[in-house]
Structure formats: C-alpha cells, structure tokens
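The values are calculated or read from the model by the stated rules, or taken from the named source; none is laboratory data. Source: prediction; values computed, not measured. Quick reminder, even Gly has a Cβ in these numbers, built from the backbone with ideal geometry, and neighbours come from all protein chains shown. Please note that ligands, DNA and RNA were not included when accessible areas were found on the heavy atoms of the full protein model with its side chains. Shrake-Rupley method; radii C 1.70, N 1.55, O 1.52, S 1.80 Å.
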Amino acid sequence: MLASKLILKCLERENVEFVFGYPGGALLPLYEALRTSPIKHILVRNEQAGPHYASGYARESGRVGVCMATSGPGATNLVTGIATAYLDSIPIVAITGQVNRDLIGTDAFQEADITGATAPFTKHSYLVKDAADIPRIIREAFYIASTGRPGPVLIDIPRDVQLENLKTGLTYDKVDILGYKPNLNGHSGQVKRAIKKIKEAKKPVIYAGGGVLLGHAEKELMTFAEKNDMPVITSLMGIGAFPEDHPLYSGIVGSHGFEFSNFVMNDADLIINIGARMSDRGTSKLTSFEENTDFIHIDIDPAEIGKNMETTIPIVGDAKTVLNELLAKDTSGDHSKWLDEIKKIKQEHPLVYDADPPCSEMINPKVMFRSMSEMTSDDSTLVADVGLNQIWSALYYRIIRERKFFTSGGLGTMGYSIPAACGVCFATLDHPKQVFAVCGDGSFQMSMGELGVIAEHQLNVKIILITNTKLGMVRQLQCDVFGKGHYSGTDLNFDIDFMKLAEAYGIKGYKVDKNEDFNKVLPEAIKHQGPVLIQCQVHPDFIRI
Amino acid sequence: MEKKTCLSLLVENNFGVLSRISGLFARRGYNIDSLTVGTTENAKFSRITITVTGDEQILTQIKKQLNKLIDVITVIELKPEESITRELVFIKVKADDTNRNQIVEISNMFRGNIVDVARESLIVEITGTRDKIDAFFNMVEPYGILEFIRSGDTGLQRGAKVLSF
Ligand SMILES: Cc1ncc(C[n+]2csc(CCOP(=O)(O)OP(=O)(O)O)c2C)c(N)n1
Ligand SMILES: [Mg+2]
C-alpha cells in the first residue's frame with residue numbers, strides 16, 4: 001500500500017470525519033490519496049485558522065480534531081493555533097508535510113523545522129523517517145492527544161515518505177508507550193485526607209476549571225455540590241461546568257471575573273480546585289487567602305499541582321473518577337450560614353448594567369448578552385473571541401442546561417471564534433444546533449477569510465460582530481494604565497461596510513445600534529437556515545466589563 | 001533554599017529527545033549545571049544525568065515536567081547517600097622542567113593520569129566526586145591552569161536496584 005493511502009486508513013481507524021487543511025507541494029501525495037478517501041477535507045482559507053477549526057470540532061464533539069498543512073509557510077502558519085490548543089488542553093492532531101528526507105537540514109525550498117518550532121507547545125511531536133512507523137505513530141498521536149491531560153500532537157511527514165510503498169498494512173494496534181502512562185485514579189491516601197478537610201470546612205468553595213469539561217465530569221460536579229451544599233465558582237475555562245441558574249452557582253473568578261466571586265473566594269476557608277490551573281489571570285484578584293485557606297487541588301496533570309500555588313492536599317487524577325471517589329463518602333456539612341454570607345456578598349457587589357450617554361445611546365452589550373440568553377436554545381454553543389466582546393459574553397450570556405461556551409482562555413488568541421465556531425458546525429452537521437460566534441471588529445478581521453468556508457458549506461453559524469471601531473480591550477488597558485486619552489494604535493479607523501462584505505459572500509446581514517433592534521433581529525437570524533452576520537454597534541467609550 | 005541535585009533519566013532514543021529536554025529547561029528558566037548522555041545496555045534507551053540548582057519547589061517542578069515528556073521513561077534523584085556520582089576532567093596545566101615532577105606527584109595523590117606531556121604543559125585526567133576535583137584544582141592552581149574540561153556528573157544508584165519502567 002502507498003504510504004499516503006495508509007495514512008488516511010489510519011485516520012479512518014481513528015474515526016476521523018473531517019480534516020481541516022490546506023495543500024501544498026509537500027502534501028501532494030497525501031492530497032492525491034484524499035481524493036478517493038471517505039474522509040472529508042475542508043479547505044480552510046488560511047492555515048492559521050486550521051487548528052481553531054479542529055479545536056472547535058474537538059470541544060464540541062469530545063473527539064480529536066485534525067488539521068493539516070504543507071511544509072514551510074503552511075506549517076509555520078499553524079503555530080499560533082497549536083499553541084492556542086496547548087494552553088487550553090484541547091486534543092488536536094496536526095499533520096504537516098515536510099521536504100524529502102535527504103533534503104532535511106539543507107534549507108531546502110519550503111523547509112521549516114516545525115517539530116522544533118512547536119516543541120514548547122505540543123504535547124508531543126513526530127518526524128516520520130520511515131513509512132513503516134506510520135500506523136504506530138498515528139495511533140500514538142491520537143492516544144496521546146486525547147488521554148490524560150489532552151493537548152495537540154504534531155506529525156511531520158516528509159514527502160518521499162508519503163510515496164513509499166509498503167507491504168504491511170494496519171499492523172500496529174495496541175498503544176504501549178513506556179514513558180506515557182496517564183494516571184486516572186486519585187491517590188487513596190490523599191482522598192482520605194481530603195474527605196477529612198471537607199468535613200471540617202466551614203466556608204468551602206468548589207473552584208471548577210476546564211478540567212471538569214475535558215473530563216466530562218459536569219454531572220458528578222453537580223451531584224457533589226448539591227450533596228455537600230457547596231457553592232461553585234468557575235474559571236473562564238470552566239464556564240459551562242456548572243449551570244448559571246443553579247442556586248449554588250457563584251460566578252466566575254479572575255481579573256476579568258465577577259467582583260463578588262473574587263470576594264467569595266477570598267473569604268473561603270477551603271477551596272476545592274477541580275481542573276483549574278490557578279493561572280495568573282485566574283488568581284490575580286485573590287489576595288488574602290493563601291495563609292488561612294486550605295487547598296485541595298484535583299488535577300490530572302501532576303505538574304499543575306503546586307506550580308502556581310501551594311497545595312494542602314494534592315490529588316492527581318481524572319476529575320470524574322476523583323469526584324466519584326469523594327462521592328462514595330459522606331462529607332456533608334451544614335453550610336447554610338456560609339451560603340447566606342455569599343448572598344450578602346453578592347448583594348454588596350451587584351452587577352452593574354447601566355451606562356451613561358453617549359454609551360447608552362448605542363447598544364449596551366451587557367444587556368444585549370443577557371437578553372440574548374433568553375432567546376437561544378438550551379443546547380446552543382457560543383464561541384467567544386478575545387477582547388471586551390469575550391468578557392461581556394462570558395459574564396452576561398447565561399450558560400444554562402446543555403449550553404456550551406468556548407473561548408481561547410489560555411493564549412487569548414484573537415481570530416479564534418469564527419473558525420472554532422465553524423468547527424462546532426462541522427461536528428454537528430447531522431444534528432444541527434444553534435452556533436454563535438461572538439467577535440469584535442478587530443478579531444473578526446483576523447479570520448474574515450473564513451467567511452469563504454461558511455458560505456461554501458452554508459454553515460449555520462450566527463456571527464455576532466461587535467463593532468466599537470476600536471481594539472477595545474487594549475484601549476481600555478491604555479486608559480487604565482496610562483490615563484484617559486493615552487490611546488495608541490487602537491483605532492480601527494476605516495469604516496468598513498460589513499453588510500456589503502456579508503453580501504459579497506451571500507451571507508445574510510443585519511446592522512443594529514439599539515438593544516431593541518437586536519432583540520428583534522436575533523430571533524429572525526436564528527430562524528434563518530444558514531449563516532447570518534449581525535453587526536452590533538457599541539460606543540467606543542463603552543469599555544467597562 | 002537552593003540546593004544542587006543530580007537527576008538520572010532513562011529516555012527513549014528517539015529523534016529530538018535531547019533538544020526536548022534542554023528546551024524544557026531553557027523555556028521554563030531552569031539552569032542546567034551539567035548534562036551527560038550515554039548509551040545503555042539496551043540500544044533503544046539512553047541514560048541522561050543532569051545536575052541542577054534550585055529550591056525545592058523548582059526541583060519538584062523540574063521532575064514533574066521531565067516526567068511529562070513522552071520520551072522520558074523514568075526520572076529519579078541520585079541522592080548522595082544512595083548513589084555514586086563521578087565527574088571526568090581533563091586539566092591542562094602549565095609545566096616546565098622545574099615543576100613538572102611536583103604536578104605529577106599531586107596528580108598521583110589524586111589518582112590522576114598524565115595523558116599528554118609537552119615542553120610547557122601537561123594534561124591530567126582525573127575522575128572523582130565534585131569535591132575531590134575541586135580540591136585538585138585548588139592544588140594545581142598556583143602552577144597555572146591553561147584550560148580544562150569537566151564532563152559533568154554522571155552516576156548510578158547503589159545496590160541492585162535499576163532504573164526501569
Ligand atoms: C493575536 C492577538 N493579537 C493581539 C492581541 C492583544 N489584544 C487583546 S484584546 C485586543 C483587542 C481586540 O479588539 P476587538 O476584536 O475589536 O475586540 P473588543 O475588545 O473591541 O471587543 C487585542 C489587540 C491578542 N489577544 N491576540
Ligand atoms: Mg472592537
């Protein structure tokens with residue numbers, strides 16, 4: 001069998017439906033084999049978007065997303081997207097073409113050391129030097145990407161390897177990697193200690209991170225919180241781990257979280273961290289709590305424990321398994337006083353929706369996301385980009401029931417939302433659902449080319465484009481750090497006619513600058529089968545979150 | 001409190017494994033004092049000895065991060081009381097007819113070998129623990145050290161225990 005064919009057979013065995021790719025010389029053999037493969041190739045419009053498609057696909061489906069690019073510039077275009085997936089622990093496999101083996105190291109045409117370039121932010125990578133290794137490498141790559149703490153894996157395949165003829169087929173089956181044995185169960189001694197601490201706690205808080213979603217432990221989290229009457233706070237990546245309309249829900253922490261949530265965390269005497277990595281953004285508003293707070297840190301990655309914060313009780317293990325171990329024991333206590341206290345903290349730090357003129361004369365994005373929550377389905381997915389638009393949607397769009405919220409939390413990569421939302425659409429082609437991409441006028445323009453894919457495949461994505469004619473969040477920082485008026489390089493001066501742009505792609509467009517109009521347009525847009533762009537005009541000075 | 005620690009790694013002999021390890025140290029801002037690599041009884045594996053300096057938290061992180069690398073099979077700390085570590089050094093010392101014998105005598109005391117002799121210099125090969133080598137340096141320093149190379153620590157656990165998986 002031709003190695004290129006074998007590669008696709010291996011991908012089929014991993015149940016790959018879609019490959020988000022872009023061709024080039026070093027991938028010619030693989031693309032020739034793709035022509036007759038059942039795997040569907042989606043031609044993205046820039047390789048930079050490829051890993052984001054794969055990421056959205058993976059987050060929606062719980063499967064590994066696959067992207068592909070040719071050698072050299074194609075491969076280097078993947079770099080940001082791979083790093084984005086790495087920091088959010090999203091399972092993707094990136095396949096790159098490479099120059100012929102005998103040319104490696106000669107600075108050949110379109111040669112780039114992509115395994116070297118991506119080493120800091122891939123979970124693992126392979127350079128295939130012998131076609132006979134293909135079945136093993138592809139099996140391992142998918143296994144590594146999707147198990148333990150998930151993450152991106154890159155496979156670099158020289159062009160001449162793709163053209164090798166092999167006698168053997170799919171020989172390799174069972175994965176056995178000596179240096180990779182992810183630990184799933186919690187350490188029983190530590191679990192015992194944790195149970196004791198939980199029983200003793202007067203003011204416990206559950207801090208849920210992206211690990212709860214990655215470990216599919218939402219149900220266990222709910223049972224555990226309800227059984228123990230414990231408030232649940234999430235990180236930005238943990239949004240969706242616990243429904244917002246639940247009485248125990250206590251908001252989002254972090255520099256861009258809710259004020260009251262940060263206060264609640266500060267007051268806690270026990271924090272049970274489940275799959276959050278205590279990043280600088282997540283904890284910058286937490287000041288006093290280290291000395292008098294106990295920490296139980298549950299994480300599948302041992303290196304996360306104790307990395308950013310001292311831990312009282314470390315439990316290495318999968319969120320679901322460890323929660324089940326905790327659920328097996330009685331840990332309940334009476335926390336009604338603490339819950340009352342939280343109510344009070346909430347009242348003392350209410351959410352502020354009001355805006356003054358001139359900001360109030362255009363769309364109030366906070367109110368907009370609140371009302372949007374009333375109109376979308378219970379199982380919709382919202383992908384937020386980066387910037388003020390991201391924070392507004394994270395804080396004010398309500399994630400309840402089966403709703404999902406995705407964003408680039410760790411790397412904060414602008415341009416994520418549109419390709420990732422497309423990935424969500426591809427993952428749900430056979431059971432279409434409401435998919436929203438929220439982006440700013442800056443971030444939209446970073447991935448605008450992908451409108452071509454949206455139009456070509458008539459993806460049912462609704463783009464909520466928030467135009468404030470500024471790189472809003474950076475402008476906000478300039479104002480906060482250097483003072484009002486100290487704006488530099490944050491004007492998006494040219495007034496783009498986004499409606500004409502939508503029209504050029506045959507995409508339905510709406511432009512609104514009043515909340516009432518948004519409320520009228522959104523249901524129409526949702527009803528419309530196919531892509532819609534809603535431009536929501538927000539005043540440039542609306543910079544509060 | 002900062003301390004020096006010696007780590008012993010068993011790794012798969014895959015392409016790029018050394019750059020993954022050194023890259024990890026560089027990118028996380030850990031300092032490598034020394035690093036040695038060599039073959040093992042099994043051609044598929046290599047053994048790496050790394051000495052690092054850092055406080056407890058950093059050393060723990062280093063071990064955990066190394067363990068996360070797929071090519072790294074095992075990481076252990078070579079504790080002084082449970083292991084032997086040695087360093088190989090070549091030292092080129094200024095030497096002429098007036099003092100050559102003195103240097104040879106010092107070298108003998110340290111069980112060193114003279115591996116090169118020239119009219120104005122000689123090279124001593126010496127193996128030992130870091131302390132012994134430091135002491136030797138101290139002794140030959142007055143004659144003038146022209147250049148030297150230290151291999152960095154390499155070592156094994158004492159007893160029948162082996163690094164396995
Ligand atoms: C690729 C990338 N470049 C730069 C930044 C820095 N940055 C963060 S937010 C932001 C502004 C985003 O502007 P826009 O998309 O219009 O969103 P807004 O804040 O106005 O809602 C910038 C430039 C980033 N996060 N990612
Ligand atoms: Mg903007």
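Would you say residue A:80 is away from every other protein chain (no Cβ under 14 Å) and open to solvent by 30 Å² or more (accessible area, probe 1.4 Å)? It would help to see each step written out before you state the result.
Numbers: away from every other protein chain (no Cβ under 14 Å): yes; open to solvent by 30 Å² or more (accessible area, probe 1.4 Å): yes.
Considered against the rule, which asks whether it is away from every other protein chain (no Cβ under 14 Å) and open to solvent by 30 Å² or more (accessible area, probe 1.4 Å), residue A:80 comes out as yes.
Pick from A:394, A:355: which is modelled with pLDDT under 95, within 16 Å of ligand 1 (Cβ to nearest atom) and not acidic (Asp, Glu)? Steps first, please.
Working: A:394 fails: modelled with pLDDT under 95.
Within the list A:394, A:355, the selection yields A:355.
Which condition does residue B:74 not pass, out of (1) facing another protein chain (nearest Cβ under 10 Å); (2) assigned to a strand (DSSP E or B); (3) without any contact (Cβ under 8 Å) to a residue 60 or more places away in the chain, if it passes all the others?
Residue B:74 satisfies every listed condition except (3).
Of all residues in the stretch B:23-62, how many are facing another protein chain (nearest Cβ under 9 Å), under 21 Å from residue A:303 (Cβ atoms) and touching a residue at least 12 places away in the same chain (Cβ under 8 Å)?
Result for the stretch B:23-62: 2.
Among what's in the stretch B:145-165 and is of a type outside the set (Asp, Glu) and out of contact with any Ser or Thr (no Cβ under 9 Å at 6 or more places or on another chain), pick the residue that is most open to solvent (accessible area, probe 1.4 Å). Before you say what the answer is, go through the steps one by one.
Initial filter on the stretch B:145-165 (of a type outside the set (Asp, Glu)): B:145-146, B:148-152, B:154-165.
Now narrow it down to the ones that are out of contact with any Ser or Thr (no Cβ under 9 Å at 6 or more places or on another chain): B:145, B:148-149, B:159-162.
Numbers: B:145: 47, B:148: 108, B:149: 101, B:159: 70, B:160: 99, B:161: 138, B:162: 105 Å².
Checked the stretch B:145-165; the qualifying residue most open to solvent (accessible area, probe 1.4 Å) is B:161.
Which of the helices (runs of 4 or more DSSP H) found entirely inside the stretch A:308-410 contain at least 1 residues meeting this: within 16 Å of ligand 2 (Cβ to nearest atom) and hydrophobic (A, V, I, L, M, F, W, C)? Quick ask: steps written out before the conclusion?
Numbers: elements: A:319-327, A:336-348, A:365-375, A:388-396.
Hits in the stretch A:308-410: A:365-375, A:388-396.
Just the residues that are more than 18 Å from the chain's Cα centre (by Cα), open to solvent by less than 10 Å² (accessible area, probe 1.4 Å) and closer than 20 Å to residue B:36 by Cα, please, taken from the stretch B:66-117.
Once the filter is applied, which keeps residues that are more than 18 Å from the chain's Cα centre (by Cα), open to solvent by less than 10 Å² (accessible area, probe 1.4 Å) and closer than 20 Å to residue B:36 by Cα, the stretch B:66-117 yields B:66, B:70, B:71, B:72.
Just a yes or no: is a residue in the stretch B:108-129 farther than 30 Å from residue B:70 by Cβ and in a helix (DSSP H, G or I)? Break it down stepwise before answering.
Our first condition is that a residue be farther than 30 Å from residue B:70 by Cβ; within the stretch B:108-129, this holds for B:108-129.
Then keep just the ones that are in a helix (DSSP H, G or I); that gives B:108-109.
Checking the stretch B:108-129: at least one residue is farther than 30 Å from residue B:70 by Cβ and in a helix (DSSP H, G or I).
Is one or more of the residues making up the stretch A:367-385 within 13 Å of ligand 1 (Cβ to nearest atom), touching a Gly at 6+ places or on another chain (Cβ under 9 Å) and not assigned by TED's automatic domain parsing to the domain that holds residue A:252? Show your work before the answer.
So in the stretch A:367-385, the residues within 13 Å of ligand 1 (Cβ to nearest atom) come out as A:368-369, A:384-385.
Cutting the leftovers down to touching a Gly at 6+ places or on another chain (Cβ under 9 Å) gives us A:385.
Filter again for not assigned by TED's automatic domain parsing to the domain that holds residue A:252, leaving A:385.
Checked against the condition, which is being within 13 Å of ligand 1 (Cβ to nearest atom), touching a Gly at 6+ places or on another chain (Cβ under 9 Å) and not assigned by TED's automatic domain parsing to the domain that holds residue A:252, the stretch A:367-385 yields at least one hit.
Out of A:540, A:531, which single residue is more than 29 Å from residue A:78 (Cα to Cα) and touching a Gly at 6+ places or on another chain (Cβ under 9 Å)?
Details: A:531 fails: more than 29 Å from residue A:78 (Cα to Cα).
When all the criteria are applied, what remains is A:540.
Given the conditions (1) away from ligand 1 (no atom under 16 Å from the Cβ); (2) open to solvent by 20 Å² or more (accessible area, probe 1.4 Å); (3) within 21 Å of residue A:256 (Cβ to Cβ), which single one is not true for residue A:310?
(3)
Being surrounded by fewer than 18 Cβ atoms within 10 Å (Cβ to Cβ), within 14 Å of chain B (Cβ to nearest Cβ), in contact (Cβ under 8 Å) with a residue 24 or more places away in the chain and within 27 Å of the chain's Cα centre (by Cα) is the requirement here; does residue A:324 meet it? Full working, then the answer.
Working: surrounded by fewer than 18 Cβ atoms within 10 Å (Cβ to Cβ): yes; within 14 Å of chain B (Cβ to nearest Cβ): no; in contact (Cβ under 8 Å) with a residue 24 or more places away in the chain: yes; within 27 Å of the chain's Cα centre (by Cα): yes.
No: the conditions fail for residue A:324.
So that you can scan it fast, the table gives a plain yes or no per residue for (1) free of Cβ contacts under 8 Å to residues at least 60 places away in the same chain; (2) touching a strand residue (DSSP E or B) at 6+ places or on another chain (Cβ under 6 Å); (3) of a type in the set (S, T, N, Q):
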| position | (1), (2), (3) |
| --- | --- |
| A:141 | yes, yes, no |
| A:148 | no, no, no |
| A:152 | no, yes, no |
| A:164 | no, no, no |
| A:173 | yes, no, no |
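When only residues in the stretch A:472-512 that are open to solvent by 50 Å² or more (accessible area, probe 1.4 Å) and within 26 Å of the chain's Cα centre (by Cα) count, which is nearest to ligand 2 (Cβ to nearest atom)?
Per the stated criteria, the residue is A:474.
Just the residues that are facing chain B (nearest Cβ under 8 Å) and in a helix (DSSP H, G or I), please, taken from the stretch A:104-140.
A:115, A:116, A:119, A:120
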